[in-house]
């Protein structure tokens, strides 16, 4: 989370929030992230993925390498 925040600050991004949460459900795929309002899920993230997540948040580029299907209801 900190790595993504640092990438966003470095880009001067505005209108983007990175927030922590307790549990998204699929812990076995973690660390996880969900980008809203797109509803795109990512799993198995590391600090090395921060640029790609920032790309999604700023430019809307989906990071297919770590994309997950949303958990079933």
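Values quoted throughout were computed directly from the atomic coordinates according to the rules given, and no laboratory measurement underlies them. Every value quoted in this text rests on a predicted model; they were computed, and no experiment measured them. Reconstructed Cβ throughout: ideal geometry from the backbone, glycine too, with neighbour counts over all protein chains shown.
A few points about this structure:
- Residue tally, condition loosely packed, with under 13 Cβ neighbours inside 10 Å and either in contact with a strand residue (DSSP E or B) (Cβ under 6 Å, 6 or more places away or on another chain) or closer than 16 Å to residue 67 by Cβ (or both), over the range 13-24: 0
- Among the residues making up the range 26-45, those that are over 16 Å from residue 60 (Cβ atoms) and surrounded by fewer than 13 Cβ atoms within 10 Å (Cβ to Cβ) are 27, 28.
- Residue tally, condition surrounded by fewer than 14 Cβ atoms within 10 Å (Cβ to Cβ) and in contact (Cβ under 8 Å) with a residue 12 or more places away in the chain, over the range 63-73: 5
- Matching residues in the range 48-62 - criterion: being in a loop (DSSP other than H, G, I, E, B) and surrounded by 13 or more Cβ atoms within 10 Å (Cβ to Cβ): 62
- Residues that are in contact (Cβ under 8 Å) with a residue 40 or more places away in the chain and part of a helix (DSSP H, G or I), drawn from the range 13-47: 47
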